[in-house]
Each structure stands twice: as structure tokens, then as C-alpha cells.
1. Looking at region 408-437 only, could you name the residues that are open to solvent by 10 Å² or more (accessible area, probe 1.4 Å) and under 18 Å from Pro267 (Cβ atoms)?
2. Looking only at region 420-444, how many residues end up being among the aliphatic types (A, V, I, L, M) and under 21 Å from Gly409 (Cβ atoms)?
3. Need pairs with beta-carbon distance below 6 Å; first residue more than 13 Å from Arg445 (Cα to Cα) and modelled with pLDDT of 95 or more and within region 383-398, second open to solvent by 40 Å² or more (accessible area, probe 1.4 Å) and of a type outside the set (A, V, I, L, M); sequence gap 6+ or separate chains.
4. What pairs can you find where one residue is in region 360-379 and within 14 Å of Leu331 (Cβ to Cβ) and among the hydroxyl-bearing types (Ser, Thr, Tyr), the other is assigned to a helix (DSSP H, G or I) and open to solvent by less than 40 Å² (accessible area, probe 1.4 Å), and their Cβ atoms are less than 9 Å apart, with a gap of 6+ or different chains?
5. Tell me, please, whether a residue that is open to solvent by less than 40 Å² (accessible area, probe 1.4 Å) and more than 23 Å from Glu385 (Cβ to Cβ) can be found in region 292-314.
6. Can you find a residue that is outside any loop (DSSP other than H, G, I, E, B), open to solvent by less than 20 Å² (accessible area, probe 1.4 Å) and in contact (Cβ under 8 Å) with a residue 24 or more places away in the chain anywhere in region 38-49?
7. Considering only residues that are surrounded by 13 or more Cβ atoms within 10 Å (Cβ to Cβ) and more than 30 Å from Arg443 (Cβ to Cβ), which ones fall in region 278-287?
8. For region 61-140, list the strands (runs of 3 or more DSSP E) that sit wholly inside it and hold at least 1 residues that are closer than 19 Å to Leu213 by Cα and modelled with pLDDT of 95 or more; which are they?
Amino acid sequence: MKTLSVHDLKQEDSIWLDFAGDVDPHAARESELKPFLQALEEYADGWMPNVVKGKRKRKYSRASFWQALEEGHDGNSSDLGLYRTEWPALDGYFGLRHPPRPPQLEVLINVKPLSFFAEAERCRKFVEMVRVWACRYPVAHASAHSSDDSNLADAPSFGRDDETRRRDGFDKIYEVFWLNVFGPKLVQSIGRERVLSTPAWRVEELPNGCVLLVTWPTAADFASDEARLAQARAHAHLRPDLDFDTVLRTLRERSALLAPVEPRFHPDLAPLLSRVVDDVASYERQRKIAGFNAWQPPEPEEWAPATSTLPSDVDDPEAAREHYDTLAEHLVALLHTKAPSVFEATPESLTDADFHFWHEDFPTRHLPEAIERYAIPAVGAYLGEVLVRHLGGQWIPRRKLEEAQVLVGSRVWFPFVRARHYMRSRQSILDHSLTWLYRVAERHRS
């Protein structure tokens, strides 16, 4: 059964729900979890999971849910996955913690795209689902928000290292999200009257002492200035030690970082850079586009005038050229499954190779000895072969690989030197891309 994961869609924002509530360890499992499933089935408007996964995937039903949970039992916990087979994409996790661990259910919901939650009624149902859960399973803190904005908020707003965060949990209001449920202990520490008087779109005291707070009617437009004003007012109210203007400025800065940026990439590298920005996390994408708009690749240095060509110093030039062809085949063997175009040795295949090496962070993930012995010779030989095949280049073999040249028009190029520069780091793959050298050589051919 093929499911649609959030990772199958293009990099864009999603809604992220993090919920962990207490359960009664002495109650029968089916009766204890019945309110959870009823609320999910009633209020998951358009994004209801239709696949449940334990050891294998099954069509969602109450029976398959219990079966998957049983299959997911491991010591002091049981868990399962919740998915969909069609848009919008859903990656859901449900887990139960058993004694001697504190009895608790944990729910993580990720629905993509966030734009699916632009309708007020759909968002109201989402809030109502969480409200039902929070009434039945008391929480210390629960939240739902844009996953992109949450990622931007994480370090600067929480201001804690991972160890402190694990130890203290959500011990005070570090961030106000689109949807929040504050547990009784947190409400007491702030002051119940203060929490209930928070300026927000919806504030409701729940029967078990939790407080539900929603800053704005819809989740999808969290970054609008009106929604940011509401978010800042709520945060500053709950944390009177914070300066409202500072909170608002931080939120607006985050909105600016997420605002769409029109790509204006260097035309020779636009196909490569477009793939790079599509590959990064969506919350980093706009910053990456802005950076590439301002970036200019360094002019290639791996060349010399044709008048300075080093003469061949090998005894058998034809055997040397066959050796370069063999080295180039090593690159084909390395990349052919992920970049099949390398079989053709075209200029476009250079872009595919550039992207693959960048995506894999190849220089960092492989031993320097292996890069020196295998990768650099293969990359250099392959680049040289493309120059020969498509620009009418001519190999001028040398005993030292780094001295080997390809004559194209009025210049000789040193492809193995380029390969060495290329394999220094992930950034070097872009700064010294094979695509860029080829396009410069193409312009200077005549």
C-alpha cells in the first residue's frame, strides 16, 4: 500500500502538532483511547489518516488500529504510524508509555501543506480535536504551529541547550504558538487570572485545569502582520518580563525570513542552484534563494593560454587517453543509479553530478584517502571527456594527472586540478562546479 509522506512533496511548510497527555494505567486500553479516536475521526477534516502501520500497513479502521498498536508493543511502550494515500500528506505517530514509565499517550501530527489550513472552519475543527484530547488526557504543554516557523523559533526563542530543555521541559512560556494548551502547573506558575485574560482569538479554561489558547483563526496565515501582532500581544501578556516591541520585532524578522524570494540566479548555474534550493529544508529555502541571488561563482583558475600548453611527456599518448576514459567510467559506475545521465557524458550530466555530490555532501562523508585515490581522478577524467566530446577538445596527456590538459580553442584546461578544488568541501562543489567550468570553456572556445 503506497502512502504519501510529507517527504514525498516539495519542500514547503506544514502544520506540526505535538501532544502528550496522561492516561489511566488501570483502565481498559480500548475504553481509555476511545475518546482519542472519536475526536480524530470526527474532526480530522480532509486529512484523516486512511492507513495505519504496525509491522505492516493496513487500511485504517478501529480494528487495524488496535492490531498495529499490539504489533508495536516493545517493553514499556507501544506505537504505530498514521498515514494517507493521497493529498494532503500526513506523517503521524501515536505512542503509549506503560509503567514503570509515567503512563502517557504521545501524538505527533505533521500535515503538508500548511496552506491546507487556510480555511477557518477546518482550523476550528482541528482546534476542537485538540480540545477534546486535552480535556480527556491532561497535558503539561501541547502546541500546533507552522513547522517552518517552529524551526526558526527553536534556538533563539527557547534560548536553552538540549540538555536543559530535556531536564526542564516547557517550564515557562518560551514561545506562544498558533495553538497552545497550557497544563495546570504551568497555568499556576503564570497565574490563572493572567492566563485567562490573555488577548487572543480564543482562550478557554478546560475542566481539568488546562487552558486552551489560540492566537488567530487560521494557521496558514501565521506570518501575516496581524497574526504576528496577536502572537506578540499574547506572548508579552503571559511573560510581562518581556518587551512587547522586542517580541514583535523578532516575529517580524522570522516572517521576513520565510517570505517568498524570487530566484535571480546566475543563468549558467540556475539549473543547479534551483535543485539545491529545492533540496534544503523549507524554512531555509528563502534565505538560500536570497544568498544565491547575490552569489557569483569564482572565475575558474584551472586554465592557461594555449601558447603555454605543456607538451605531452608520455610514451604512449593513446594509452594515456584510454586510461582517462577508464577513470571517467569510474564516475559512471559511482553515479549511474542516482544520476543516469552520466552514461551520456553531456553538459547536463555535469549538472546532475554537481547536484549529487552536493546533496550527498560527498567531500565530508568520505575518507580523504578515498577522495584522493578514487574520486578526484574519476571526476577530473569525466570532466575532460565532456570537454573533448562536446567542445571539440583535445587531451594532452601528462605523466602527472594534475598536469594533464584539454585544449579547447585558445585555452588549455586542467580538469584534474579542477576536481581537486571541487572535492575540498560541500561549498567547493558549488564554487568550483563542473557545470561552471564547462560553460566558461564553452564561451572561450572561439
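1. Asp431
2. Total satisfying the criteria: 4.
3. From region 383-398, the pairs are Trp395/Arg321; Ile396/Ser312; Pro397/Ser312; Pro397/Pro317; Arg398/Asp313.
4. Taking only residues 6 or more apart or on different chains, not a single pair turns up.
5. Scanning region 292-314 turns up at least one residue that is open to solvent by less than 40 Å² (accessible area, probe 1.4 Å) and more than 23 Å from Glu385 (Cβ to Cβ).
6. The answer is yes; a qualifying residue exists.
7. Ser282, Tyr283, Glu284, Arg285, Gln286, Arg287
8. It comes to 104-112.
The values are calculated or read from the model by the stated rules, or taken from the named source; none is laboratory data. Only a predicted model underlies this, so the values are computations on that prediction, with no experimental measurement involved. Backbone-built Cβ (ideal geometry, glycine too); neighbour counts: all protein chains shown. Quick note on the areas: whole protein, heavy atoms, side chains included, nothing else; ligands and nucleic acids left out. Shrake-Rupley method; radii C 1.70, N 1.55, O 1.52, S 1.80 Å.
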